[in-house]
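Quick notes on the structure that follows.
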Amino acid sequence: MPHALPLYRADAVRAIERAAFARGVDALGLMTQAGEAAAALLRERWPQVRRVGVLCGTGNNGGDGYVAALALHRSGLQVDVVASDEPRTPEARSAAARWIAAGQGVRSPASGLPDVDAWIDALFGIGLSRAPEAPMAGLMQAVAAQRRPVLALDVPSGIDADRGSAPGAFLPAAMTLCFVAAKRGLFTALGREAAGEVHVDPLGLDVDALAAEASVGAPSAWAVRASALADALPVRRLDSHKGHHGRVLCLGGDHGTAGALVLCAEAAARGGAGWVEALSRPETVFALNVARPEVMAGVVQTSDALASRLAAADVVAVGPGLGQGEWGRGLFEAALASGRPLVLDADALNLLAEAPRPVPGAVLTPHPGEAARLLGCLTEEVQADRFAALDALVARFGAAVVLKGAGTVVAAPGATPRLIDAGHPGMASAGMGDALTGLVAALRAQGLSPFDAAWVGALGHSAAADTVGRRRGLLASDVIEAFGLVLNP
């Protein structure tokens with residue numbers, strides 16, 4: 001798809017490489033390209049560097065490191081190769097032999113680390129899915145303690161290429177150079193931070209054609225950036241009126257939580273819904289009338305009074321400030337029974353977790369803790385494999401799901417997942433989820449499918465936060481005000 005980066009699992013990348021070798025591509029030649037590309041990227045990114053350390057493992061990732069070391073040495077830099085063992089693949093042995101033939105040596109970690117300006121991490125690449133053993137873990141921790149920039153080759157050591165989690169010690173990188181294709185674990189969970197800035201070099205391979213030959217199928221996911229919004233947003237006719245752009249009904253805002261519903265309703269209005277209505281407690285209605293008079297606010301004391309309002313809505317957003325008391329439960333059950341398109345967040349998800357049932361056509365927007373409750377597992381299990389958790393949520397509820405967090409992932413039945421390559425840690429503040437709920441509901445009301453409303457809403461939300469700026473103290477209302485900057489490209 002345009003404006004998106006295809007993401008692959010490690011086994012798919014290996015299959016693509018095997019297909020290339022079957023075509024006659026030389027494995028050592030490909031390794032030479034990779035190592036020389038790494039050396040060139042390091043010199044470009046850190047031109048002031050004069051001494052480089054290269055951590056070389058025993059596999060082909062280590063071979064890439066030996067090639068990079070030789071290229072940097074030939075460019076006039078001082079290079080120290082640190083390796084704990086001999087290379088074990090034919091290509092890596094050939095690369096190491098070239099390094100030795102150039103009159104260079106290999107240091108053992110036991111001899112201490114050199115004082116370098118930057119490191120290249122060529123220890124494990126995509127070949128590790130378990131915790132590094134003690135010697136390697138100690139080496140990685142010692143390098144990290146030097147606080148020098150690290151360029152990781154393919155995957156930062158210790159990070160699972162598929163899951164983005166770290167089962168043990170890991171070595172954070174300032175930059176990661178992916179060979180052949182991008183690995184999906186670098187864009188979510190801990191992998192997103194550990195990878196730093198990600199560059200992809202296909203090494204001259206026709207990845208799409210090779211993937212077809214290897215029967216890899218579609219990419220595992222697509223990473224989407226703000227530029228993807230232009231083609232994804234609905235186009236408005238010149239003669240349009242508010243009735244053309246959907247009616248959103250927001251339910252929630254129990255005693256003491258008026259702000260959550262205010263943010264949700266305002267986000268729906270800023271997101272382009274033609275008509276936004278919010279039903280809640282009397283004090284919340286007062287807050288809505290003061291804060292956002294464009295929203296039609298009404299009091300609902302019992303779920304029995306909801307029927308006509310639900311029937312008039314194109315989309316119902318349920319959860320922000322809903323609570324889990326009798327009042328909130330009544331609204332939740334009435335919304336589910338209405339047959340209207342739903343966006344469920346916050347306490348609506350907690351109530352759904354108590355009595356799980358399919359909600360086809362809905363959009364669920366859980367954070368990891370809510371996802372764990374929906375799946376009956378621990379939050380740590382969700383974060384250990386966010387893609388697996390996403391798949392399980394889609395299968396259990398038959399809905400589009402936005403699994404929020406660093407590297408938000410979005411999926412729906414029959415759709416290739418989208419990974420939101422936008423946003424920043426400043427978004428970790430109260431009310432952000434309420435804003436996302438309103439925006440997704442607005443896009444759904446404007447005619448987008450559940451899946452498209454989910455990923456476009458998540459992307460627009462994060463892109464708006466990027467527009468405001470990466471900073472502490474970012475408020476959900478700051479992001480809502482910036483919706484207009486990214487939803488009108």
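Data for the structure
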{"quantity": "Over the chain: helical MRE at 222 nm, DSSP H runs n ≥ 4 each giving -39500 (n - 2.57), nearest 500", "calculated": "-12500 deg cm²/dmol"}
{"quantity": "Descending principal axes extents, the stretch 161-278, alpha-carbon based, whole Å", "calculated": "52, 41, 26"}
{"quantity": "Rg/Rg_globular for the stretch 365-428, with Rg_globular taken as 2.2 N^0.38 Å and Rg from C-alpha atoms", "calculated": "1.04"}
{"quantity": "All-pairs alpha carbon distance profile, the chain, 20 Å steps from 0, percent", "calculated": "24, 46, 24, 6, 0"}
{"quantity": "Volume in Å³ per residue [convex hull over Cα atoms, computed for the stretch 1-156]", "calculated": "136"}
{"quantity": "Sequence ranges 324-333, 118-127, ranked by mean other-Cβ count within 10 angstrom, highest first", "calculated": "118-127, 324-333"}
{"quantity": "Whole-number D in µm² s⁻¹ for the stretch 74-190, Kirkwood Cα-pair radius fed into Stokes-Einstein, 10 °C, 1.306 mPa s", "calculated": "105"}
{"quantity": "The stretch 383-489 - Rg over Rh from alpha carbon coordinates, Kirkwood radius", "calculated": "0.96"}
{"quantity": "Relative contact order computed over the chain (Cα-Cα under 8 Å; 6+ residues apart), in percent", "calculated": "13"}
{"quantity": "Mean accessible surface per residue for the stretch 180-287, computed with a 1.4 Å probe while every protein chain stays in place, in Å²", "calculated": "41"}
{"quantity": "Student exercise, the chain dipole from Lys, Arg, Asp, Glu Cβ charges, in Debye to nearest 20", "calculated": "420"}
{"quantity": "Which of 425, 394, 462, positive extreme of dipole for the stretch 386-462 (C-beta unit charges)", "calculated": "394"}
{"quantity": "Ratio Rg/Rh [Cα only; Rh per Kirkwood] for the stretch 231-298", "calculated": "1.05"}
{"quantity": "Alpha-carbon Rg/Rh ratio, for the stretch 197-266, with Rh computed the Kirkwood way", "calculated": "1.23"}
{"quantity": "Rounded tilt (10° steps) of 450-468 against the dominant C-alpha axis of the chain", "calculated": "70"}
{"quantity": "Bins of 5 Å, starting at 0 and running to the largest distance - Cα pair percent for the stretch 214-337", "calculated": "2, 10, 19, 18, 15, 10, 9, 8, 4, 2, 1, 1, 0"}
{"quantity": "Percentage, to the nearest whole number, of Cα pairs in the stretch 289-390 over 15 Å apart", "calculated": "65"}
{"quantity": "Dipole magnitude of the stretch 1-148 about its Cα centre (Cβ charges: Lys, Arg +1; Asp, Glu -1), debye to nearest 20", "calculated": "140"}
{"quantity": "Packing-based order for 344-354, 294-304, using average beta carbon neighbours within 10 Å, highest first", "calculated": "344-354, 294-304"}
{"quantity": "The chain: angle of helix 10-22 to the longest principal axis, Cα-based, in degrees nearest 10", "calculated": "50"}
{"quantity": "Three-way shape call for the stretch 317-449 based on the alpha-carbon gyration tensor, with the a/c threshold at 1.5", "calculated": "rounded"}
{"quantity": "Calculated over the stretch 160-203: convex hull of Cα atoms, volume per residue (Å³)", "calculated": "58"}
{"quantity": "Calculated SAXS-style log₁₀ I(q)/I(0) at q = 0.19 Å⁻¹ - the stretch 110-157, Debye, Cα scatterers", "calculated": "-0.63"}
{"quantity": "Rounded to 5, the percent of DSSP beta bridges in the chain classed as antiparallel", "calculated": "15"}
{"quantity": "Helix axis angle, 90-101 relative to the chain longest principal axis, alpha carbon, degrees", "calculated": "50"}
{"quantity": "Cα extents of the stretch 53-139 along the three principal axes, largest first (Å)", "calculated": "37, 30, 18"}
{"quantity": "The stretch 82-104 versus the stretch 418-489: alpha-carbon centroid distance in Å", "calculated": "49"}
{"quantity": "Within the accessible area of the chain (1.4 Å probe), percent carbon and sulfur", "calculated": "51"}
{"quantity": "Electrostatic dipole magnitude of the stretch 239-299 [Cβ: Lys, Arg +1; Asp, Glu -1; Cα centre; debye, to 20]", "calculated": "60"}
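The values are calculated or read from the model by the stated rules, or taken from the named source; none is laboratory data. From a predicted model like this one, the values you see are computed outputs, not experimental measurements. With ideal geometry, Cβ positions are generated from the backbone for all residues, glycine too; neighbour counts draw on all protein chains shown. Calculation scope for accessible area: heavy atoms of the full protein, side chains included, ligands and nucleic acids excluded. Shrake-Rupley method; radii C 1.70, N 1.55, O 1.52, S 1.80 Å.
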